[in-house]
1. Let me confirm something: among Pro301, Pro297, which residue is more than 28 Å from Val202 (Cα to Cα) and either open to solvent by 50 Å² or more (accessible area, probe 1.4 Å) or touching an Asp or Glu at 6+ places or on another chain (Cβ under 7 Å) (or both)?
2. Quick check: is even one residue across segment 426-438 within 19 Å of Gln342 (Cα to Cα), part of a strand (DSSP E or B) and among the basic types (Lys, Arg)?
3. Within the set of pairs 6+ apart or on separate chains, which have a first residue in segment 448-460 that is touching a residue at least 24 places away in the same chain (Cβ under 8 Å) and assigned to a loop (DSSP other than H, G, I, E, B), a second that is open to solvent by 40 Å² or more (accessible area, probe 1.4 Å) and of a type in the set (A, V, I, L, M), and C-beta atoms under 8 Å apart?
4. Picking from Tyr132, Tyr125, which residue would you name as being of a type outside the set (Val, Ile, Thr) and touching a residue at least 60 places away in the same chain (Cβ under 8 Å)?
5. Mind listing whichever residues of segment 76-88 are in contact (Cβ under 8 Å) with a residue 40 or more places away in the chain and open to solvent by 20 Å² or more (accessible area, probe 1.4 Å)?
6. In segment 254-268, which residues are free of Cβ contacts under 8 Å to residues at least 24 places away in the same chain and open to solvent by less than 20 Å² (accessible area, probe 1.4 Å)?
7. Hey, among Ile390, Ile426, which residue is closer than 24 Å to Pro307 by Cβ and either in contact (Cβ under 8 Å) with a residue 24 or more places away in the chain or in contact with a helix residue (DSSP H, G or I) (Cβ under 8 Å, 6 or more places away or on another chain) (or both)?
8. Looking at (1) touching a residue at least 60 places away in the same chain (Cβ under 8 Å); (2) touching a Pro at 6+ places or on another chain (Cβ under 7 Å), can you tell me which one Pro353 breaks?
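The values are calculated or read from the model by the stated rules, or taken from the named source; none is laboratory data. Remember, it's a predicted structure, so these values are computed and weren't measured experimentally. A quick note on method: Cβ atoms are made from the backbone with ideal geometry, for glycine too, and the neighbour counts reach across all protein chains shown. Accessible surface is based on the protein model in full, side chains and every heavy atom, while ligands, DNA and RNA are left aside. Shrake-Rupley method; radii C 1.70, N 1.55, O 1.52, S 1.80 Å.
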Amino acid sequence: MGNPTLPSALFASLAPADGPKLLDDAERLLRDGNPEAADLRLSRAIALAPADPRALGLAGVASHLSGQSDQALRRFGWTVHVAPGHAAAHNDLCEALRRRGRLEEALAHGRLAAALEPDRFDILYNLGIVYYDRLEIDRAILWERRAVRLAPEVPGPHFELAEGLLLSGCFPEGWQEYEWRFRLPGVPPPVPPSLLESGRPVPRPPWDGRPMPSERLLLIADQGFGDVVQFARYIPLAERLCPDLVIAGSPETLPILRQVSGGRRCHQDWESLPDFDRWCPLSGLPRLFGTTLATIPAEIPYLHADPERAAWWKERLDGLLPKGMQRIGLVWAGRPSHGNDQNRSMRLQQLKPLFDLDKVALVSLQVGPTQAEIGRYFGKAPLVNLGAGIGDFDDTMAILQSLDRLVSVDTAVAHLAGAMGVPTSILLPFAPDWRWLLKRGDTPWYPAVTLHRQTSPGRWDEPVRAMVASLRFRRR
């Protein structure tokens, strides 16, 4: 790896005593979200002290925050080269390698960092994440527990511990640790603090799960669209305990929320909300209802297509597709802004074994820029692209009702199909989201869903082959 230092002649006016101040200024700028300005100061500091591990490490952080992942990896690698006994350098390189999917190397540097400084919670925390990505969940839980003991008030280790526990099916403790998600850096509170304090001497408290026959409960459709679909099943349970219920959600989620709540009391902005006494995010309801693997509410379907819209889409599909063919919907990529999208999404061409099935017509429900991949589609099965015509989740549900099966990566569309009882094949990355559990081909959240998992990170060929084989078997 190349030395990232710059010619010191460029900074001849600087004295060695300026170095610590430059580093302090750079750290402040990094915390304030200004990596470019930080990088300028770090270049000066490195010119003064080319082997200073703190300066080199911060330079790697600046590159990472600027989106220059290759440069960050080089800088972290050089830091380890010049300071092999510096635990923070190995920790930084561990995380950079993990993000690139180089898990063996990441593990080696993470273990070395932990051996050098076994009492740094951030090192143990990162090592736990590496073990999660390697699907060594027991070890991931072990290292996150150690990090929690060292830093019990830091949210990151608690949240990663929750992910490992829930993936393992250890729901009671997992739900408790999951409560730390709103304390993570950059995560907004479920309800604006000003709204909780407005007009009252004491802020409105969160709901504790007890009946409220005469008080009003606010439920918040928090997190991603898939989470809203998954946890919307709890709304009727909450309504039995709190008949006076209001729900807040984004405009995109209203077709789901209105349906599950009977079409009443749904609001898409904080200003329109009536007064309320207590509040709870939808993702907090499984904990309050004491959900275990055996008690997941699974009364499917709990979502339905609008009859008029379903009839319109069916008529359109009948006119576009040959008769007598099995209709299989496709979604091969999720929202690019999702934190794990690089692992959960795939390319359309990676579904090629599906294209050669007899008497199958493919229906793309893919939205966003990845629709462009359809222009390079060549396959035996006819493919119809409906993505451009999908305006909301009502359209999506209407199309799903006209399909025989959905094939999808882990997206909100897969959750919608599962909640509707539409037969669905979900293709999962090697280290999946917690809700899909471990080593299962089914899921207690959605009985009509079949899971096909990667057996090694980044390899979609095996789950795709298994999915196609299962479709062939079902058609016999």
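1. Just one listed residue meets the conditions, Pro301.
2. no
3. Note: pairs meeting the criteria are Ala448/Ile300.
4. Unique residue meeting the criteria: Tyr132.
5. Result: Trp78, His81.
6. Selection gives Leu254 alone.
7. Of Ile390, Ile426, the one residue that is closer than 24 Å to Pro307 by Cβ and either in contact (Cβ under 8 Å) with a residue 24 or more places away in the chain or in contact with a helix residue (DSSP H, G or I) (Cβ under 8 Å, 6 or more places away or on another chain) (or both) is Ile390.
8. (2)
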